[in-house]
Amino acid sequence: MKTYSAPPAWVEIDRAALGVNLSLVAGELPLSAKIMAVVKADAYGHGLVPIARELVRRKVGALAVNSVAEGLQVRRQVNASVPVVVLLGPREEEAGACLDFHLTPVIYSLPVARALAREAGKRKTTVRAHLKVDTGMGRLGVIWSDLPDFLQSLSPLKRLHVTGVVSHLARADEPGESYNRLQWRRYRQAMEVVAETGRPLTENHLANSAAAFFRPETHLHFIRPGIMLYGGSPSGDPELTRNLGLRPVMSLKSRIIQIKTLPARSAVSYGGTYRTSRAERVALLPVGYANGYSRHLSNRGQVLIGGRLLPVIGRVCMSLIIVRLDDRMDCAVGDEAVLLGSQGDQTIYGDTLAAQAGTIAYELFCLLEHRTSNIELERHDLWRQQSFFCFLSAVWILATKILINSSVSFRIGSNKS
Ligand SMILES: Cc1ncc(COP(=O)(O)O)c(C=O)c1O
């Protein structure tokens, strides 16, 4: 395509790819476990509402968000009857909202637990909560050894029902690591200690993507995958992504705005960190670190043009990168370039690009969303929607005109007869 009206660089979200990834994850599961899809942090930068809608349409068992604010967004904008679990837990003043909007709070603090019980009392109901236990991640949750005391303090709160024990593994992406076994042991002890309080536990969950993939024993009532749903590798290795058939949900795209041949020994971009060894043909793309395409990708990143993998040369600028073209390849200004995602039979996986940028796919996705802005994406989508509605309106106007004309000519005709 030689002409375009899309923005200089944009993110595309492929919901069909999300469906494929979801089926692959579900294929790993025993029938007894359900998927609690992690859509926190704006669905890892993929857009909370559209992603949650698609996952609910595809019958996930639950959704996991970061905050009450994200939970409210799901309840208000997604027609979801599934549980919505608030991973970071509510603040005290958000306890009422959890009850009113049927959000499942993750609890680890007594004041919040008391606030939830109080709000449940006001509404003459009970509240179901998941208890977060820190089994060795050293992050959120009640430290596993403090659990008996914590449970004792919870016992007067008759309106608060702990229905699930939650924890998170620190090294699940390292399958041979013995620390996983230690955390698993502590987690099972925690389940036993909570079960001794007499409450039936029906909503336990521990496994992220990596644990779900490498440690089937941790599947329990729910698994909590995030990155695999978005096409990231459970181990961080893009080869595994390819072998599993996971597909990138997010793509970053741009279009060539200039093609030229630089003479031999030309310096390229700021600092002249790349010099042409001979006359080299290059393409300029209007995308850079302002779009979340990291400066660490200078002289390291790769881009797909015409289905070929081509190197980024010189430093990544704020809104420009330079790509070395193959001498023989046929391309022109306006041609589409893929910086993340697939073109032809080639794919740049999130894990590959992230490794080149010295980070992980999780951060890359989140940064691309924030820097390559939803606005661009929305504009892009809007542009498509508008074209569709323009087309529909045109058909509608035409049809109305034909109808009016035919009824007029019919009446005229019948008058005549
Ligand atoms: C508590 C918790 N559970 C589950 C997940 C999902 O992990 P993953 O994206 O590795 O599947 C995360 C992600 O960071 C998390 O923080």
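The values are calculated or read from the model by the stated rules, or taken from the named source; none is laboratory data. What you see is a predicted model, and the numbers here were worked out from it, not measured in a lab. Glycine gets a Cβ as well: all are built from the backbone with ideal geometry, and neighbour counts include every protein chain shown.
Overview of results
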{"quantity": "Entirely in the range 236-326, the strands (runs of 3 or more DSSP E) that have 3 or more residues that are among the basic types (Lys, Arg), in the same structural domain as Thr359 (by TED's automatic domain parsing) and crowded, with 20+ Cβ neighbours inside 10 Å", "calculated": "none"}
{"quantity": "Residue pairs meeting the criteria (Cβ under 9 Å; at least 6 apart or on separate chains; first not assigned by TED's automatic domain parsing to the domain that holds Ser233 and in a helix (DSSP H, G or I), in the range 352-367; second at pLDDT 95 or above and among the basic types (Lys, Arg))", "calculated": "Gln356/Arg300"}
{"quantity": "Qualifying residue in the range 164-184 (condition: over 25 Å from the mean Cα position of the chain (by Cα) and β-branched (Val, Ile, Thr))", "calculated": "no"}
{"quantity": "Failed criterion for Ser254 (all others in (1) under 25 Å from Gly47 (Cα atoms); (2) within 15 Å of the ligand (Cβ to nearest atom); (3) over 18 Å from the mean Cα position of the chain (by Cα) hold)", "calculated": "(2)"}
{"quantity": "Looking only at the range 23-40, and only at residues there that are within 12 Å of the chain's Cα centre (by Cα) and either closer than 17 Å to Gly350 by Cα or of a type in the set (Val, Ile, Thr) (or both), the one that is nearest to the ligand (Cβ to nearest atom)", "calculated": "Val38"}
{"quantity": "Matching residues, the range 38-50, being out of contact with any Lys or Arg (no Cβ under 8 Å at 6 or more places or on another chain) and aliphatic (A, V, I, L, M)", "calculated": "Val39, Ala41, Ala43, Leu48, Val49"}
{"quantity": "Only listed residue being within 29 Å of Val25 (Cβ to Cβ), outside any loop (DSSP other than H, G, I, E, B) and within 16 Å of the ligand (Cβ to nearest atom), chosen from Ala170, Ala212", "calculated": "Ala212"}
{"quantity": "Leading residue by the ranking (farthest from Leu367 (Cα to Cα)) among those in the range 48-63 that are within 16 Å of the ligand (Cβ to nearest atom) and within 12 Å of the chain's Cα centre (by Cα)", "calculated": "Leu55"}
{"quantity": "Pairs, first in contact (Cβ under 8 Å) with a residue 24 or more places away in the chain and closer than 18 Å to Thr163 by Cβ in the range 209-225, second within 9 Å of the ligand (Cβ to nearest atom) and part of a helix (DSSP H, G or I), C-beta under 6 Å, six or more apart", "calculated": "Ile223/Ala212"}
{"quantity": "Selection within the range 180-209 - more than 16 Å from the ligand (Cβ to nearest atom) and of a type in the set (Ser, Thr, Tyr)", "calculated": "Thr197, Thr202"}
{"quantity": "Candidates Lys124, Lys132 - the one that is of a type outside the set (Asp, Glu), surrounded by fewer than 19 Cβ atoms within 10 Å (Cβ to Cβ) and modelled with pLDDT of 95 or more", "calculated": "Lys124"}
{"quantity": "Candidate set: the range 215-239, residues that are out of contact with any Asp or Glu (no Cβ under 8 Å at 6 or more places or on another chain) and hydrophobic (A, V, I, L, M, F, W, C); chosen: the one nearest to the ligand (Cβ to nearest atom)", "calculated": "Ile227"}
{"quantity": "Hey, Met137 under 27 Å from Leu110 (Cβ atoms), surrounded by fewer than 21 Cβ atoms within 10 Å (Cβ to Cβ) and within 13 Å of the ligand (Cβ to nearest atom) or not", "calculated": "yes"}
{"quantity": "Given (1) under 29 Å from Ser23 (Cα atoms); (2) assigned to a loop (DSSP other than H, G, I, E, B), index of the condition Lys132 fails", "calculated": "(2)"}
{"quantity": "Candidates Arg53, Arg76 - the one that is surrounded by fewer than 17 Cβ atoms within 10 Å (Cβ to Cβ), outside the structural domain of Tyr293 (by TED's automatic domain parsing), out of contact with any strand residue (DSSP E or B) (no Cβ under 8 Å at 6 or more places or on another chain) and at pLDDT 95 or above", "calculated": "Arg76"}
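One line per residue, one yes/no per condition, for (1) under 24 Å from Pro111 (Cβ atoms); (2) in the same structural domain as Phe365 (by TED's automatic domain parsing); (3) buried (at least 19 other Cβ atoms within 10 Å of the Cβ); (4) at pLDDT below 95:
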residue: Asp146; (1), (2), (3), (4): yes, no, no, no
residue: Val162; (1), (2), (3), (4): yes, no, yes, no
residue: Gln189; (1), (2), (3), (4): no, no, no, no
residue: Ser209; (1), (2), (3), (4): no, no, yes, no
